[in-house]
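Participant: Okay, handing you the structure first.
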Amino acid sequence: MKTELIDIAQVKANPNNPRVIKDEAFRKLVASIKEFPEMLEIRPIVVNADMIVLGGNMRLRACKEAGMKKIPIIKAEDLTEEQQRQFIIKDNVSGGEWVWEILANEWAPVDLTEWGLDVPGMELDPDALSDEFALPDGDKEPFQR
């Protein structure tokens, strides 16, 4: 399968998409696409033979909101109906957990928040944690930048 750059109007949102991104998280996604559109080339939207999105419905919506005219896609034309149904779910299942200690030592919490990660303790004031990272269990981890 190869990536194609096509007119965004050709791609149809999946009416049965089981996941949504709302409000602030959606605004962060739009901002992320505007600031780093190259990421879409690395992780294109996946469509079926009918140009209906199997993976990337919220990215499609955010691309439209960002004013994009063309987007990268991959056509998964050879999937059976059952494989398409599986893909829709499996593409959206989040597995694994964040290792907060590594995040605390490698990235600034303000950057992580701007990139869409919900960082514990950052909800109130993004500038309040300039040198500490609130771990999910309430402990504090100093940054080692």
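Participant: In this model, which of Lys12/Lys70; Lys22/Lys75; Lys2/Lys64; Lys34/Lys69; Lys22/Lys69 are farther than 19 Å apart at the alpha-carbon?
Facilitator: Lys22/Lys75; Lys2/Lys64; Lys22/Lys69
Participant: A follow-up question, please. Among 53-63, 11-21, how do they line up from the highest to the lowest mean number of other beta-carbon atoms within 10 Å?
Facilitator: In descending order of packing, they fall as 53-63, 11-21.
Participant: Could you tell me which of Asn17, Leu60, Pro44 has its Cα farthest along the dipole of segment 1-71 towards the positive end, charges placed at Cβ (Lys, Arg +1; Asp, Glu -1), taken about the Cα centre?
Facilitator: Of Asn17, Leu60, Pro44, it is Asn17.
Participant: Report the normalised scattering of segment 3-90 as log10 I(q)/I(0) at q = 0.15 Å⁻¹, calculated by the Debye formula with identical scatterers on the alpha carbons.
Facilitator: Those come out to -0.52, one per q.
Every number here is computed from the coordinates shown, using simple stated rules; none is lab data. Please read all numbers here as calculations on a predicted model, not as lab measurements. When we count neighbours, we look across all protein chains shown, and the Cβ atoms used for this are built from the backbone with ideal geometry, even at glycine.
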